[in-house]
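Following: one structure in structure tokens, then a few remarks.
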Amino acid sequence: MKLEQLEKPKQVGLSKRGLDAAVELVRRAIEDGATPGAVVLVARRGQIVVEEALGRMTYDEDAEPVRRDTMYDLASLTKVIVTTTL
């Protein structure tokens with residue numbers, strides 16, 4: 001789903017320009033090798049305004065592309081987020 005196809009950002013009080021910048025930031029991180037892929041999902045007021053799959057599942061050239069329904073295990077992020085916050 002591309003932002004250009006959506007009118008929802010404005011309807012829920014978000015900036016299309018800001019959302020485009022967020023997706024571009026993730027796209028650049030993938031190009032720079034910070035991660036092989038990601039799913040960007042932004043929702044507000046119960047409406048999904050951005051849902052985009054970017055990159056691949058691993059760094060291998062023949063790796064499967066990430067899909068919008070790709071699930072990531074975020075369990076190990078809890079320690080980092082809580083420790084950093086504290």
Protein accessible area in the chain, 1.4 Å probe - carbon and sulfur %: 55
Surface accessible to a 1.4 Å probe, Thr84 within the full protein complex, Å²: 110
Estimated inter-spin distance, Asp32 and Arg17, nm [label 7 Å along Cα→Cβ]: 2.3
Ile81 accessible area, assembled protein chains, probe 1.4 Å, Å²: 100
Burial order of peptide ranges 13-19, 52-58 (average beta-carbon count within 10 Å, highest first): 52-58, 13-19
Cα-centre dipole for the chain with unit charges at Cβ (Lys and Arg positive, Asp and Glu negative), debye to 20: 640
For the chain, accessible area per residue (1.4 Å probe, heavy atoms of protein chains only), Å²: 76
The chain shape via C-alpha gyration tensor axes, a/c threshold 1.5: oblate
Farthest positive-ward along the chain dipole, Cα basis, beta-carbon charges - from Thr35, Leu54, Val80: Val80
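The values are calculated or read from the model by the stated rules, or taken from the named source; none is laboratory data. A quick note: this is a predicted structure, and the numbers were derived from the prediction, not measured. Here Cβ is always computed from backbone atoms with ideal geometry, including for glycine, and neighbour counts include all displayed protein chains. Heavy atoms of the whole protein, side chains included, go into the accessibility calculation; ligands, DNA and RNA do not. Shrake-Rupley method; radii C 1.70, N 1.55, O 1.52, S 1.80 Å.
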